[in-house]
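Scroll down for the structure; my scribbles are underneath it.
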Amino acid sequence: MRSKRLVLLTLVFCLLLSGTALAQTHITFWHAMSGELGNAIDYLTAEFNAQNPDIVVESIYQGRYGDLNTKLVASLSAKTTPTIAQVYENWTDSFFRHGVIAPLANYMDLTEAEFNDYIEVFRGMNTWDGELYTIPYNKSNWVMFYNADLIPNPPKTLDEFLQVSKEITEKTGGATRGFGMRPTLELFHAFLYINGGDFLDEDLNVTFNSPEGVKALETMIGMLDDGSALLIDGYENEAFGDSMIAMYIGSSAGMPHVENSVGDKFQFSTAPIPAGVRPGAPFMGTNIALFDSATEEEKYAAGKFVKFLTNTENTVYFAIKTGYLPVTYSGLNSAEYKQFLADNPHKAAVANLDAFGYGYWQPTIAAWEEARGVIGQAVERVFLGEPIDIVLDEAQMLVEEAIEDMLSQRY
Amino acid sequence: MLAEQQMWRYRVRKTVTRALLYGVLLAGAAIMMLPFIWMITSSIKAPHEMTLKTIQWLPKVPQWQNYKIAWEAAPFDIYFKNSFLIAFTVMSIEVIFSSLAAYAFAKLRFFGKNVLFLLFLGTMMIPGEVMLIPNYITMVNFGWVDTYWALIVPWTISVFSIFLLRQFFLSIPHELFEAAILDGCGKLKYLVTVMLPLSKPALVTVMLFKFIGSWNSFLWVLIMTNTPAMRTIPVGLTYFVSDVGSYYNYLMAASTFAMAPILILFLLLQKQFIQGIARTGLKG
């Protein structure tokens with residue numbers, strides 16, 4: 001009799017166990033991180049899965065950002081969206097307008113302290129409708145890379161920067177130009193912002209077609225004309241590693257590539273972008289969005305996973321492995337990260353704490369996908385010698401059209 | 001005496017023309033080979049050797065481990081297996097369908113033949129990217145996403161191949177067809193025993209184009225699959241490229257081993273391939 005009862009108990013116990021095993025919540029995470037970056041994500045995902053037997057997270061590499069975007073758009077129309085995905089802010093805006101994403105922070109069980117631990121600039125980039133819709137994940141900032149053998153003290157102001165650029169070109173007889181640039185939207189933004197300007201104001205009025213915008217483009221063209229800058233074709237880090245240029249402004253995420261190109265040819269370091277009438281540190285990179293098609297259970301599981309990805313220990317792990325920034329204050333201030341920066345002084349400007357105080361970012365509206373193309377082209381046309389005022393007038397018109405289109409559409 | 005002199009003159013002229021011809025051909029071959037040689041030498045360079053002001057053909061110390069690192073950066077063993085499986089299956093099925101369709105358009109008489117053929121050709125005018133999202137939705141509805149079905153079935157029909165084969169079939173004299181039919185040969189039997197053996201160069205061309213196309217296909221594979229177990233080599237190559245920089249040396253190493261099978265295939269079938277293109281008047 002007793003043995004029978006024991007068998008029965010064991011059976012019930014087994015059933016219960018299999019019951020919990022069946023109740024596993026399965027979530028998917030689409031990202032665009034390959035190589036070392038992908039390995040870091042895979043490692044963290046495996047850790048999380050091991051710690052949470054009731055949740056299975058599947059991290060899937062979906063190509064580069066452009067491919068990931070195509071795939072997300074396709075999956076939205078076919079209703080096969082992942083649970084969470086890496087997204088740029090302007091994608092988020094489009095998803096938000098279509099009502100296909102849910103406010104991720106609401107599913108993360110964040111205390112007020114934890115909420116405020118996310119760096120303020122990043123919270124700003126991820127807020128829609130007053131709510132933290134997406135969570136910052138792989139954030140980078142733009143800094144100035146410089147050849148420390150040629151430039152012992154990096155320039156701090158725009159005037160010093162122009163001066164140093166000229167001197168380097170003169171000193172090396174043009175073999176090494178002071179500065180290297182590509183005609184990009186990002187570089188234009190950097191010069192525009194330190195001149196006191198920006199692309200759009202809060203009410204989405206175009207503000208780049210202004211004296212500040214004209215001055216930014218004139219400064220850039222001027223540097224090419226007097227030989228203090230070199231026009232780069234391809235990635236800047238290659239010309240930099242080859243000593244064709246002594247400085248360039250670029251993403252901190254490119255750090256491993258700069259280290260590769262430079263090798264032991266010379267010493268290099270990073271500094272904040274020189275300040276004009278005001279300092280400015282552009283922040284970029286992607287965030288994690290939660291799709292509304294997930295069940296409540298999946299949403300909470302995803303929230304738990306994202307909370308895990310961005311906790312102090314793991315945001316520091318990811319930052320050290322990849323060159324991106326920790327996304328929380330506690331991560332920035334952790335002993336481990338501070339030690340890492342002390343060991344790698346050339347990365348100090350990347351996590352320059354002051355920069356968070358004057359950080360800025362590109363507009364986060366859906367129409368930006370089109371607008372950024374328009375402005376990027378305008379910069380290229382100016383570099384090809386077209387008159388600045390006409391090019392900017394045209395760009396303003398096209399950007400205003402794109403914004404109007406966006407605002408007039410009903411979702 | 002005169003004959004001897006003439007003979008001698010003839011020999012000199014022949015040698016000179018030969019030398020010139022080979023000279024030009026060698027120069028052409030060198031120009032064509034250069035990018036490949038650059039790819040292979042770059043694949044064993046150290047990272048900082050990729051970006052030098054002056055051209056440096058060979059690395060100071062060959063970095064053979066680049067191949068190992070590149071191979072291990074992505075699950076290339078799975079990707080290779082998939083690429084081979086998909087390319088061979090697509091190529092084999094496609095050549096059967098294409099030759100049947102081309103035969104019908106070239107030799108058989110049926111209602112609306114020309115209109116149908118024009119409609120077929122019309123589909124070539126629509127860029128594939130436009131159809132990507134509708135096709136994805138179709139694949140989702142079929143339940144084929146992340147399976148070999150999605151990677152194989154849609155590619156087993158190719159209008160281009162049908163067109164190419166039809167043009168070739170048309171060049172085969174119609175008298176041959178009539179004679180065979182008069183002798184009691186069935187239409188299908190004529191295709192298999194007469195047409196196809198005569199069209200070997202065109203068939204090889206079609207098969208090679210298909211194989212290369214399938215081998216290089218990237219966006220379709222990426223969109224239709226979600227797991228590494230279903231993906232192919234081009235997806236693996238993107239692991240070395242990012243928005244802020246590229247690992248060129250590893251990319252070159254991976255490109256070298258990704259290209260090797262196609263190169264071997266081309267060398268084996270070279271003769272037929274060139275004949276096929278020359279006779280149908282088409283270039284790749």
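Every number in this text was worked out from the coordinates using simple rules, so none of it is lab data. The structure presented is a predicted model; accordingly, all values stated were derived computationally and were not measured. Heads up, the Cβs are rebuilt from the backbone with ideal geometry, glycines too, and the neighbour counts pull from every protein chain shown.
Results, tabulated for the structure shown:
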{"read-out": "Calculated over region A:308-355: convex hull of Cα atoms, volume per residue (Å³)", "value": "65 Å³"}
{"read-out": "Residue exposure sequence - A:VAL374, B:VAL90 - by fewest surrounding Cβ within 10 Å", "value": "A:VAL374, B:VAL90"}
{"read-out": "Debye, to nearest 20: dipole size of chain A, +1 on Lys, Arg Cβ, -1 on Asp, Glu Cβ", "value": "1800 debye"}
{"read-out": "Unsatisfied cross-links (Cα-Cα over 18 Å) in the set A:LYS265/B:LYS45; A:LYS71/B:LYS81; A:LYS171/A:LYS215; B:LYS68/B:LYS210; A:LYS307/A:LYS347; B:LYS189/B:LYS210", "value": "A:LYS71/B:LYS81; A:LYS171/A:LYS215; B:LYS68/B:LYS210; A:LYS307/A:LYS347; B:LYS189/B:LYS210"}
{"read-out": "Dimensionless Rg/Rh of chain A - Kirkwood Rh, Rg from C-alpha atoms", "value": "1.05"}
{"read-out": "Theoretical gain in end-to-end length, A:GLU47 to A:LEU224 [0.36 nm per residue, Cα-Cα removed]", "value": "58.7 nm"}
{"read-out": "Kirkwood hydrodynamic radius of region A:200-285, Cα pairs, Å", "value": "15.3 Å"}
{"read-out": "Residue among B:VAL24, B:VAL95, B:VAL130 with the largest mean-square fluctuation in a Gaussian network model of chain B, springs linking Cα atoms under 10 Å", "value": "B:VAL24"}
{"read-out": "Exposure proxy order (Cβ contacts within 10 Å, fewest to most) of B:GLU72, A:GLU58, A:GLU238", "value": "B:GLU72, A:GLU58, A:GLU238"}
{"read-out": "Value of Rg to Rh for region A:329-411 (Rh from inverse mean 1/r over Cα pairs, i.e. Kirkwood)", "value": "1.22"}
{"read-out": "The protein assembly as shown: Cα Rg divided by the 2.2 N^0.38 Å rule of thumb", "value": "1.17"}
{"read-out": "Bridge type composition, the protein assembly as shown - antiparallel percent by DSSP, nearest 5", "value": "60 percent"}
{"read-out": "Calculated FRET efficiency for the pair B:THR17/B:THR54, C-beta based, R₀ 35 Å, to 0.05", "value": "0.35"}
{"read-out": "Qualifying aspartates and glutamates (Cα of each under 18 Å from Cα of A:LYS299; at least 8 residues distant if same chain)", "value": "A:ASP54, A:GLU58, A:ASP109, A:GLU131"}
{"read-out": "Percent of beta bridges antiparallel (DSSP, chain A, rounded to nearest 5)", "value": "60 percent"}
{"read-out": "Over region A:256-411, equivalent-ellipsoid semi-axes from the Cα gyration tensor in Å", "value": "34, 28, 14"}
{"read-out": "Order of A:GLU370, A:GLU89, A:GLU313 - criterion: other Cβ atoms within 10 Å of each residue's Cβ, fewest first", "value": "A:GLU313, A:GLU370, A:GLU89"}
{"read-out": "Region B:2-42: radius of gyration over Cα atoms, expressed as a fraction of 2.2 N^0.38 Å", "value": "1.95"}
{"read-out": "10 Å Cβ neighbours from other chains, averaged over peptide A:66-76", "value": "4"}
{"read-out": "Relative packing of peptides B:14-22, A:335-343, A:222-230 - highest average C-beta neighbours within 10 Å first", "value": "A:222-230, A:335-343, B:14-22"}
{"read-out": "For region B:73-280, the fraction of alpha-carbon pairs in successive 10 Å shells from zero, as %", "value": "8, 28, 31, 22, 9, 3, 0"}
{"read-out": "Amide H contacts of A:GLY285 (H built 1.01 Å from N, under 5 Å, at least 5 apart or other chain)", "value": "A:SER140"}
{"read-out": "Restraint check, B:LYS107/B:LYS187; A:LYS321/B:LYS60; B:LYS113/B:LYS187, Cα-Cα greater than 19 Å", "value": "A:LYS321/B:LYS60"}
